[in-house]
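Here's the structure we're looking at; comments come further down.
The values are calculated or read from the model by the stated rules, or taken from the named source; none is laboratory data. Being a predicted model, the structure only gives us computed values, none of them experimental. Because the Cβ atoms are built from the backbone with ideal geometry, glycine has one as well, and the counts that use them run over all protein chains shown. These area figures cover heavy atoms from the full protein model, side chains too; ligands, DNA and RNA do not enter into them. Shrake-Rupley method; radii C 1.70, N 1.55, O 1.52, S 1.80 Å.
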Amino acid sequence: ESQGGEAARSREEGGDLVDETEAMMGAEGEEDWTWLQGAVSVLALVEGLSPKLQTFHATLRTLLRRYGEAVAGEATLARALDFPVATYLQSDAARFAALENLLSKAERRDFIALVRAPSLLQALKSKAEEFLVDAALSLVKKQLEEFPKLRVWAEHKKGSAYAPSFSSSPLPYVTAIAEHLFSLPEQLDPSGAQEDAGGDDGEKFMQHWVSRIGGALVVLYSDRILALPALSPSGRVQLATDVQYLASILGTLGAQGLQRLQDLHTLVEASDEQFAGACLAVTLHRADIDNISRKRAAGGTGPA
């Protein structure tokens, strides 16, 4: 078969996934990274709030301690409060007691004025991190929405399932995801969001988030594989090719949790005779192993 025919067939097997990719490209065919760049800026802003909060607590603690020292020599705190606020404080015993309690707490090294602020800030940071991962994988999620419905997984093509006559090069959706992954490091450079986020800190930030986003992709892709209705012998060959290609790239990028995807590849690639042994060799949950077994059974066995 000619190279043109193979390319056309490969595009057809990619189906709507290729169209989804093109829809997310700009007018010049370049991917739109606006959301990811915005997410990096948001996270940089949120992370900058933590030291500001610590500075605020330290400053307030210093002021309260100075105030406490200023009134320590007076017979009572009430007598020392010789300014308009004193009338307000003395009008309510609870308010006055609260001030005394605040001054007392300010003497402690672990003093925190805004007691809910650290937990609220941590929750905000978690949301910002979730936003960054979602923005980084928006194209990939579009690519994989129709993934389980592709005809190639259940089709039977000529040739042995383990020595196929058809091309087993990665499908377009995989190569599109790979190109997306290769572009991530440049887009995750925080120097554009933080003036002081260059050098080693910027490199660590990029490496951490490439690894974390890669780990999220491992989970997403694995879940999509487990959602396939059936896997024919030739479909298994194609999926094994796709998974191996993507797993090698994710490994290079240091993706977290890659073992799950590698184990799925082992089960998908195994011949009928090797499958029982492969089930014993992987570290997947039993439910995932049974899932792949049912898909293989639904897709048929033996030569395609």
*Taking the residues in the range 235-257 that are outside any loop (DSSP other than H, G, I, E, B) and under 20 Å from the mean Cα position of the chain (by Cα) as candidates, determine which candidate is nearest to Ile177 (Cα to Cα).*
Leu246
_For the structure I just gave you, tell me whether Thr87 is open to solvent by 70 Å² or more (accessible area, probe 1.4 Å), farther than 30 Å from Ile177 by Cβ and either modelled with pLDDT of 55 or more or touching a Pro at 6+ places or on another chain (Cβ under 7 Å) (or both)._
yes
_Single match in Leu49, Leu102 (criterion: in contact with a Leu (Cβ under 8 Å, 6 or more places away or on another chain), at pLDDT 75 or above, open to solvent by 60 Å² or more (accessible area, probe 1.4 Å) and farther than 30 Å from Glu129 by Cα)_ = Leu102
*Please enumerate the residues belonging to the range 111-138 that are in contact with an Asp or Glu (Cβ under 9 Å, 6 or more places away or on another chain) and either farther than 22 Å from Leu188 by Cα or modelled with pLDDT under 90 (or both).*
none
*Among the candidates Ser211, Ser169, residue that is assigned to a helix (DSSP H, G or I) and surrounded by fewer than 20 Cβ atoms within 10 Å (Cβ to Cβ)*: Ser211
*Go over the candidates Ala287, Ala298 one by one and state the one that is open to solvent by 10 Å² or more (accessible area, probe 1.4 Å), modelled with pLDDT under 95 and not in a loop (DSSP other than H, G, I, E, B).*
Ala298
*Identify the residue in the range 214-234 that is under 16 Å from the mean Cα position of the chain (by Cα) and of a type in the set (A, V, I, L, M) and, among all such residues, is surrounded by the most Cβ atoms within 10 Å (Cβ to Cβ).*
Leu217
*Among the residues listed as Val268, Val282, Val237, the single one being buried (at least 18 other Cβ atoms within 10 Å of the Cβ) and free of Cβ contacts under 8 Å to residues at least 24 places away in the same chain*: Val282
_Residue tally, condition of a type outside the set (Gly, Ala, Ser), free of Cβ contacts under 8 Å to residues at least 60 places away in the same chain and in contact with a helix residue (DSSP H, G or I) (Cβ under 6 Å, 6 or more places away or on another chain), over the range 212-224_ = 1
*Output yes when any residue across the range 69-76 is modelled with pLDDT under 70, open to solvent by 60 Å² or more (accessible area, probe 1.4 Å), of a type outside the set (Lys, Arg) and in contact with a helix residue (DSSP H, G or I) (Cβ under 8 Å, 6 or more places away or on another chain), and no when none is.*
yes
